[in-house]
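Some notes on the structure that comes next.
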Amino acid sequence: MARHTQGYLRRHTCEVHIGGVSIGGHNPIAVQSMTNTPTMDTEASVEQIIRIADAGADIVRLTAQTPTHARNLGEIRRHLRARGYETPLVADIHFNPAAAFAAAEEVEKVRINPGNFADPGRTFIKLEYTDGEYADELRRLHDKVVPFVELCRERGVAIRIGVNHGSLSDRIMSRYGDTPAGMVESALEFLRICRELDFNDVVISIKASNVVVMTDTVRLLVDRMADEGMDFPLHLGVTEAGDGDDGRIKSAVGIGSLLVDGIGDTIRVSLTEDPEREIPVARQILAHIDECRAAANPSPAHIAGTRITATHPNVIEQVLAAAEGMPAFEVEAAYPDTMNVDDIKIAASVDLGYLLLNTACGNDIRITAPALDEKVAADLVRDILQATRRVISKTEYIACPSCGRTLFDLQDTLAKVKAATAGLKGLKIGVMGCIVNGPGEMADADYGYVGAGLGRVSIYRGKTCVEKNIPADEALPRLLALIKSDGKMPGNDEKAHD
Ligand code: SF4
């Protein structure tokens with residue numbers, strides 16, 4: 001594999017200022033999260049931002065569905081400042097450029113989605129473009145983006161170009177499909193306009209719920225930016241990672257394995273939990289990377305046949321050195337008695353995730369540590385293999401973290417869906433908070449449970465909506481009935497309903 005840097009050294013990026021926080025350059029990697037309170041509820045939003053900031057976040061994002069929501073961000077910001085919090089705020093915009101313009105008057109940074117800023121949601125009506133039509137589309141995009149960039153320049157506001165797997169424009173889909181190359185081109189279309197305008201306060205993200213897609217695409221973006229002489233800082237995240245160990249392990253594998261190669265300037269761990277719970281996980285990932293970086297002169301690994309035993313905090317470097325010239329090998333990662341279970345889960349996810357994603361490391365991985373009993377160690381191995389898509393041994397959940405667009409208790413719903421579908425090995429089930437982004441962003445889910453309005457849910461098979469706006473209390477039984485009618489439910493489906 002080609003490493004982008006000499007292990008752990010940050011790739012050079014330009015510096016972007018977001019209020020009092022600087023991203024990129026030689027600045028520490030910034031940690032951020034997003035509220036899930038209604039943006040029009042000023043008091044609840046302020047209280048949640050304070051909880052997130054107190055947990056250690058550097059930056060907080062809020063959804064702004066409309067210009068009215070965007071304007072209320074100013075009110076939230078004023079309340080926050082009055083409480084003594086200087087945390088920079090970011091507006092999250094989809095499908096509504098007018099909201100982006102309004103938000104640029106109120107907050108320090110605006111995130112736009114290239115898949116739906118200048119283009120409507122995907123229609124699939126016109127899938128073929130001649131070269132002339134494609135050029136016309138790019139001119140139309142240019143004309144819509146330039147005034148927004150100029151407003152941000154005037155206001156000293158940064159922009160995040162935030163691409164998500166599953167929400168690309170028809171134009172990109174027509175040429176590239178929903179591929180890493182398409183996601184990268186979607187970002188580059190916007191970055192080229194920013195560069196032409198000499199506007200450099202830009203952060204870029206490309207997220208996916210599939211860790212392999214996410215890491216491959218970010219690495220491709222880094223290469224393509226280098227080809228075009230760009231060095232914009234990167235925001236990393238595995239989107240719709242879910243909750244509990246699933247969400248933590250997927251995030252540590254995806255974010256951590258890029259940080260190992262010096263890629264990433266700000267990170268968000270997305271969990272379907274209270275947002276302040278994301279911050280300690282992000283800090284654990286960064287602490288592990290720092291410890292690896294600081295460890296000097298790693299001792300050699302122990303090699304027995306094709307098995308390499310490496311020790312914390314040099315697991316990756318020891319294995320890379322020992323595996324030189326070996327066509328295939330297995331790894332045992334050993335962690336000391338000074339580490340607790342949670343820290344080991346994060347460290348092992350970063351270390352073994354990196355090796356599984358980027359080297360010829362075989363699936364027979366082992367983790368040893370005094371703090372881990374046999375079952376916890378085996379579960380951790382299984383979850384890392386699933387996160388890297390090496391071995392699928394259980395149901396895969398694609399659950400968004402929820403945000404101000406969510407109109408139901410997503411955490412409770414995810415817990416119920418998980419309890420009812422836990423045995424469906426290999427199925428991918430999406431549990432998404434809103435109809436605006438949910439269907440696109442659950443990407444490759446086999447089935448989807450998507451919030452459609454207050455007390456209403458839509459059920460999807462793949463990308464097709466099969467039950468629209470049904471009452472929420474009927475949604476789970478109907479989802480299970482659909483899975484059963486497709487022959488994907490094992491014989492004990494009645495038990496699954498309990
Ligand atoms: S999919 Fe979830 S996180 Fe994304 S916009 Fe909808 S509710 Fe918010």
Open item on the list: Principal axis extents for segment 104-212, Cα atoms only, whole Å, descending order, please.
Closed with: 38, 36, 21
Open item on the list: I want the antiparallel fraction of DSSP beta bridges within the chain, as a percent rounded to 5.
Closed with: 25
- [ ] Quick one: check the C-alpha center-to-center distance for segment 324-362 versus segment 425-456, whole angstrom.
- [x] 32
- [ ] Largest first and to the nearest Å, give the Cα extent of segment 396-497 along each principal axis.
- [x] 38, 25, 22
Task: Where trypsin sites (Lys or Arg not before Pro) fall in DSSP loop in segment 194-284, at most 11 other Cβ within 10 Å - done: none
Open item on the list: How many angstrom lie between the Cα centre of segment 363-400 and the Cα centre of segment 245-297?
Closed with: 17
Task: Solvent-free Debye scattering, log10 I(q)/I(0), computed from the Cα coordinates of segment 339-398 at q = 0.17, 0.25 Å⁻¹ - done: -0.54, -1.08
Open item on the list: Give the separation of the Cα centroids, segment 9-24 to segment 183-213, in Å.
Closed with: 16
- [ ] Enumerate the helices in the chain for which the Kyte-Doolittle hydropathy averages 0.5 or more and the C-alpha atoms extend at least 15 Å along the helix's axis, using complete DSSP H runs.
- [x] 211-227, 341-358, 472-485
TODO: Can you bin segment 302-387 into rounded, prolate or oblate? Criterion: square roots of the alpha carbon gyration tensor eigenvalues sorted a ≥ b ≥ c, rounded for a/c under 1.5, prolate for a/b above b/c, oblate for the rest.
DONE: prolate
TODO: Please sort by residue number the chymotrypsin sites (Phe, Trp or Tyr not before Pro) in segment 55-160 whose DSSP state is loop and whose Cβ has at most 12 other Cβ atoms within 10 Å.
DONE: F124
Open item on the list: Shape verdict for segment 16-294, please, from the Cα gyration tensor: rounded (a/c under 1.5), prolate (a/b greater than b/c) or oblate.
Closed with: oblate
Task: Helix-only [θ]222 nm of the chain, DSSP H runs n ≥ 4, -39500 (n - 2.57) each, per residue, nearest 500 - done: -13500 deg cm²/dmol
Open item on the list: Rg over Rh of segment 212-298, using C-alpha atoms and the Kirkwood radius, what does it come to?
Closed with: 1.00
TODO: Mind scanning K425/K463; K144/K250; K250/K418; K109/K428; K375/K418; K345/K428 and naming the pairs with a C-alpha gap bigger than 25 Å?
DONE: K144/K250; K109/K428
- [ ] Report the dimensions of the chain along its three principal axes from the alpha-carbon atoms, largest first, rounded to Å.
- [x] 62, 56, 55
- [ ] Could you name the lysines whose alpha carbon sits less than 19 Å from that of K468, not counting residues in the same chain fewer than 8 places away?
- [x] K484
- [ ] Let me know the charge dipole size of segment 446-493 about its Cα centre in debye, to the nearest 20, where only the beta-carbon of Lys, Arg (+1) and Asp, Glu (-1) is charged.
- [x] 160
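No lab work stands behind these numbers, since they all come straight from the coordinates. Small disclaimer: the values here were computed from a predicted structure and weren't measured. Glycine gets a Cβ as well: all are built from the backbone with ideal geometry, and neighbour counts include every protein chain shown.
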